[in-house]
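Read the structure below first, then the notes.
The values are calculated or read from the model by the stated rules, or taken from the named source; none is laboratory data. As the structure is a prediction and not an experimental result, all values here were calculated from the model. Here the Cβ positions follow ideal geometry from the backbone for every residue, glycine too, while neighbour counts run over all protein chains shown. Each accessible area value is taken on the protein alone, full model and side chains, heavy atoms only, with ligands, DNA and RNA left out. Shrake-Rupley method; radii C 1.70, N 1.55, O 1.52, S 1.80 Å.
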Amino acid sequence: MQNAEFLTSLLPLVVLFAIFYFLVIRPQQKQQKAHAAMLAALDKGDKIITNGGLICEVIKAENDFIKVKLNDDVIVRVAREFVAKKIEDK
């Protein structure tokens, strides 16, 4: 009898966790995987936006850093984790 009451009192928590998982955790994991795949696929000539809002062009993708060109004269190294997104050419 007490075991059945315990299970019925635990059921709402399980349902709330399932809803939380499918609405929050799973989409965030998919977004992180897509971002990691985008970072791994960066190549010379790609245009990116950094977390600081700089729009630049990839010159060379290295292990931990990416060499980018801000304008014709300025080339800098940016850590991979500071790349926000890749700009798709239209």
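With respect to the conditions (1) modelled with pLDDT under 95; (2) surrounded by fewer than 12 Cβ atoms within 10 Å (Cβ to Cβ), LYS30 lacks only one, and its number is (1). Criterion applied to VAL58, VAL15, VAL24 was being surrounded by 10 or more Cβ atoms within 10 Å (Cβ to Cβ), outside any helix (DSSP H, G or I) and more than 13 Å from the chain's Cα centre (by Cα), and the one residue passing it is VAL58.
Contact map, region 27-40: residues that are touching a residue at least 40 places away in the same chain (Cβ under 8 Å) paired with residues that are assigned to a helix (DSSP H, G or I) and not aromatic (Phe, Trp, Tyr), Cβ distance under 8 Å, separation 6+ or inter-chain. Pairs shown: LEU39/ARG80. Annotation for region 66-81: at least one member residue is open to solvent by less than 70 Å² (accessible area, probe 1.4 Å), at pLDDT below 95 and basic (Lys, Arg). Entry remark, region 36-51: residues being assigned to a helix (DSSP H, G or I) and exposed (fewer than 14 other Cβ atoms within 10 Å of the Cβ) number 3 in total. Exactly one residue among LEU39, LEU10 is at pLDDT below 95 and closer than 22 Å to GLU88 by Cα, and that residue is LEU39.
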